[in-house]
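The values are calculated or read from the model by the stated rules, or taken from the named source; none is laboratory data. Keep in mind it's a predicted model, so treat the numbers as computed, not measured. Neighbour counts are summed over all protein chains in view; Cβ atoms, including those assigned to glycine, are modelled from backbone coordinates with ideal geometry. These area figures cover heavy atoms from the full protein model, side chains too; ligands, DNA and RNA do not enter into them. Shrake-Rupley method; radii C 1.70, N 1.55, O 1.52, S 1.80 Å.
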Amino acid sequence: MTNNVAILGGAALPVGKWQGSSEDETQHLEHELLAKLVMDAMEDAGLEKSDISSLIFTLPRPYTQQKYFATFMANYLNLPCDGLVMEVLGNGMTPALAFQTAVDQVTLGRAKVALALGVNFESATSSYDHMMSSMRATGDVDFHTPFGFTPISWYAMDAVRYIHEFGSSREELASVAVKNRAHAMHNPIAQYRKPMTLDDVLAQRPIVDPLGLFEVPGRADGAVCVVVADEDVAKATGKSYARIRGAGFYHEGAHQINETPNDMIAFGSARRAGEKAYAQAGMNAKDIDFAELYAPCTIVEVLVSEALDLVARGEGGRMAAAGETSVGGRIPICTSGGLQSRGHPAYVTALYSYIEVLDQFRNRAGGRQVEGAGIGMTSAELGNYNAALVHILEAVQ
Amino acid sequence: MTLPIVDMPGKRSYPPRQSDFTIKFWQGLGDGIFQTTRCVKCQKLSFPPKPICPHCWSKETVWETLSGKGTLYSKTTVYAGPAVFKEELPYQVGIVDLDENIRIATRVLGDAKLDAPVEMVILKYEDGNLYAAR
């Protein structure tokens, strides 16, 4: 036994608007959509229903009708489990925590095969109403929320500080969105795939200064199932897979801002988590062929790619503008199209990252394929990257 | 040391809660006093004010008035906000580093520049107080 853990299969719903309303004659049901993905993912993995021991679900949004979703799904799939059946919540990190918990199930020997899966339905709730809830998640309800901070207002303040400190510009940051759209055009499950220029991005209405509509994530529904397996199980299928080479987590013990002034845009937690993942993998940033980073806004992609040493400090915007982070460039970032264009069904978003890694490793990414994609990196976060969970994965053919 | 008081129209869009402990902070604003807690054991300041010290985990803290002076670390203008803030859009929020080496997040008035000095003011609404930097 190698004690290694593999991603062996996956399936995902195209990101977009799926949730209906009570006025529709028929609606998409969350469990019907997810059940089909489970079967597609298991077929992709070359495994049988009876191989599964654990089901680790992302907690559905409160707007999802079916509650106690994990145990409901175990019934819907008639799937007895002797490992663990549970739901996970941790804001934007939710899907990455579900994935890590599934990996832990295998590492601990409690399951040979575990699924990390979930549904995010939220598009039937307006942004103004949704923000009534999300504003209470990204800040202190009594000492931040009364001033009107929104989740992405913190990232906007990162952008303002970044431009001030490094002489970058809104145009350079906006080029990240253009790059991500160019990637998404080749991704059949991406939410936004129409061609888009820098002028298109700059012409949009402002959302949080200096970010406009196309520099922040839209809202969407989505569903994903990722199959995690003991490497021996993966090997026996004869299929290629993604071997987890390193993982790192770090929480800086702060929520949105540190009460003691620090370098907020250094994303110290991403740096610490990345260092742990690099150390475990015995690698450094030069070994990474592509990175699928959790970055709700353009500025966040710039800052986290700097914190993970993928691009030089203060240069992230310029490097995106120069094409270094595009497919075909030195270090392709967010080949799926990222959160701005692939889409951001928040409680399952990071699960889409592992799907993208597997697509790249299995050479099935079409027009966004990274040549010789052998080592990939993923990240997920809490708050303003106050916590980060980073993985390094290796293609095994 | 008291802070300038700015009269604001109407009520607060999203009033903060008060506890038996934090009521001293919110009521103090009405008298122009901007204060927080200092740990008796390790002497470190903390914000928001707390009955415990997050640094050394002592349970003994004392109130201390802040100067209300600081520098603007960052800011943004919110154009799309939650339903309760719709009437106030667009509005400015920011991050201020107080001279006492405390970082806070608050409303921002006027056109203060990054790294420039700002002063805290009390925002007096019909139903209570908030604070801002200008």
inquiry  = With a cut-off of 8 Å between alpha carbons and a minimum separation of six or more residues, what is the relative contact order of chain A in percent?
reply    = 25
inquiry  = Given an 8 Å cut-off on Cα distances and at least 6 residues of separation, report the relative contact order of the range A:77-236 as a percent.
reply    = 31
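Quick one: accessible area per residue over the range B:37-94, 1.4 Å probe, rounded to a whole number of Å²?
So the range B:37-94 comes to 47 Å² accessible per residue, rounded to a whole number.
Roughly how big is the A-B contact, given as buried accessible area in Å² (both sides, 1.4 Å probe, nearest 100)?
Buried: approximately 3600 Å² between B and A.
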task = List the lysines whose Cα lies under 22 Å from the Cα of B:LYS24, skipping any in the same chain that are fewer than 8 positions away.
result = B:LYS11, B:LYS41, B:LYS44, B:LYS50, B:LYS59, B:LYS69, B:LYS124
inquiry  = Which entries of A:LYS49/A:LYS239; B:LYS86/B:LYS113; A:LYS179/A:LYS286 have Cα-Cα distances beyond 24 Å here?
reply    = B:LYS86/B:LYS113
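With a 1.4 Å probe and all protein chains left in place, how much accessible area per residue does chain A have, in Å²? Spell out each step's value before the answer.
Values: 14150 Å² over 397 residues.
I get 36 Å² per residue for this part.
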message = If I take the Cα coordinates of the range A:258-397 and project them onto the principal axes, what are the three extents in Å, biggest first?
response = 47, 32, 32
task = Project the alpha carbons of chain B onto their principal axes and report the range along each, largest first, in whole Å.
result = 44, 33, 27
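Across the range A:139-296, how large is the tail of the calculated P(r) beyond 28 Å, expressed as a percent of all Cα pairs?
40
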query = How about the range A:118-151: which of its residues lose at least 20 Å² of accessible area in the presence of all protein chains relative to their chain isolated, using a 1.4 Å probe?
reply = A:TYR128, A:MET131, A:MET132, A:MET135, A:VAL141, A:ASP142, A:PHE143, A:PRO146, A:PHE147, A:GLY148, A:PHE149, A:THR150
task = Could you please state how large a percent of the accessible area of chain B is carbon and sulfur, counting protein chains only and using a 1.4 Å probe?
result = 52
key: Label-to-label distance, nm, for residues given as A:GLU25 and B:ARG134 (7 Å Cα→Cβ offset)   = 6.0
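Rounded to the nearest 20 debye, what is the charge dipole size of chain B about its Cα centre when +1 sits on each Lys and Arg Cβ and -1 on each Asp and Glu Cβ?
360
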note = Across A:164-176, the residue-averaged tally of Cβ atoms belonging to other chains within 10 Å stands at 1
task = Count, for each residue of B:81-89, the Cβ atoms from other chains sitting within 10 Å of its Cβ, then give me the mean as a whole number.
result = 6
note = 1/(1 + (r/R0)^6) with r = Cβ-Cβ of B:GLU64 and A:HIS164, R0 = 41 Å, i.e. FRET efficiency to nearest 0.05, evaluates to 0.85
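State, to one decimal in nm², a quarter of the convex hull surface area for the C-alpha atoms of the range A:225-274, i.e. the direction-averaged projected area. Please list the in-between numbers first.
On the way: hull surface 22.0 nm².
The orientation-averaged projected area of the Cα hull of the range A:225-274 comes to 5.5 nm².
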remark   = The Cα radius of gyration of the range A:97-183, divided by 2.2 N^0.38 Å with N its residue count, comes to 1.60
request  = Name the cysteines of the protein assembly as shown that stand alone by the Cβ rule: no other cysteine Cβ under 4.7 angstrom.
outcome  = A:CYS81, A:CYS225, A:CYS297, A:CYS334
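About the Cα centre, and with charges only on the beta carbon of Lys, Arg (+1) and Asp, Glu (-1), how big is the dipole of the range A:1-127? Nearest 20 debye, please.
In debye, rounded to 20, the range A:1-127 gives about 340.
Given the Cα-Cα distance of B:GLU126 and B:ASP31 and 0.36 nm per residue of separation, how much length would full extension add, in nm?
Numbers: separation 95, 0.36 × 95 = 34.20 nm, distance 1.49 nm.
The span from B:GLU126 to B:ASP31 would gain 32.7 nm if fully extended.
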query = For B:67-76, what's the mean count of beta carbons from other chains sitting within 10 Å of each residue's beta carbon?
reply = 5
key: Relative contact order, percent, chain B [alpha-carbon distance under 8 Å, six or more residues apart]   = 28
inquiry  = Can I get the semi-axes of the range A:148-239's equivalent ellipsoid? Compute them from the C-alpha gyration tensor as square roots of 5 times the eigenvalues, in angstrom, largest first.
reply    = 34, 17, 14
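If eta is 1.002 mPa s and T is 20 °C, what Stokes-Einstein diffusion coefficient results for chain A, Kirkwood Rh from Cα pairs, in µm²/s? Before the final figure, lay out each step's value.
On the way: Rh = 20.8 Å.
For these conditions, the coefficient is 103 µm²/s.
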request  = Would you work out the charge dipole size for the protein assembly as shown about its Cα centre, treating the Cβ of every Lys and Arg as +1 and the Cβ of every Asp and Glu as -1, and quote it to the nearest 20 debye?
outcome  = 360
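Rounded, prolate or oblate: pick one for the range A:249-312, where a ≥ b ≥ c are the square roots of the eigenvalues of its C-alpha gyration tensor, a/c under 1.5 means rounded, and failing that, prolate if a/b is larger than b/c, else oblate.
Values: a/c = 2.26, a/b = 1.46, b/c = 1.55.
Cα axes put the range A:249-312 in the oblate bin.
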ask   = Semi-axes of the range A:43-153's equivalent ellipsoid from the Cα gyration tensor, sqrt of 5 times each eigenvalue, largest first, rounded to whole Å?
value = 33, 16, 11
ask   = Running Debye on the range A:296-361 with equal point scatterers at the Cα sites and no solvent, what base-10 log of I(q)/I(0) appears at q = 0.19, 0.22, 0.25, 0.28 Å⁻¹?
value = -0.76, -0.98, -1.18, -1.30
